[in-house]
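Beneath this line is the structure, given in structure tokens, with notes to follow.
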Amino acid sequence: MMPFEFTLYSKADCSLCDKAKDALALFQRECIFTLTVVDIATDSNTFEKFKYDIPVLAINGVEAAKHSIGIEKLRVLVKRHAVNK
């Protein structure tokens, strides 16, 4: 199975974003994935799109979760995404 490509849209001084990053770091122990973290403050279009929803996680380019992203949610999302491939 190909590794997953995760993209996390976040910004500085965001406690939910920090919790999502911590969960992703833990999740790397049980799932192979690449992670790109996008700071929404660096692009006005991205900021406008996600400013009220961060953190937002995309898996293989598909928006999969937002707001509260913990390790249990990551497990469910990966299983769901693997089935839908």
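Just to verify a result, which residue in region 1-26, among those that are part of a strand (DSSP E or B) and at pLDDT below 95, is farthest from His81 (Cα to Cα)?
Checked region 1-26; the qualifying residue farthest from His81 (Cα to Cα) is Glu5.
Just for region 27-85: of the residues that are in a strand (DSSP E or B) and of a type in the set (Val, Ile, Thr), which one is surrounded by the most Cβ atoms within 10 Å (Cβ to Cβ)?
Going through the qualifying residues, I end up with Val56.
The values are calculated or read from the model by the stated rules, or taken from the named source; none is laboratory data. The structure displayed is predicted, hence computed values, not measured ones. FYI the Cβ positions are ideal-geometry reconstructions off the backbone, even for glycines, and counts take in every protein chain you see.
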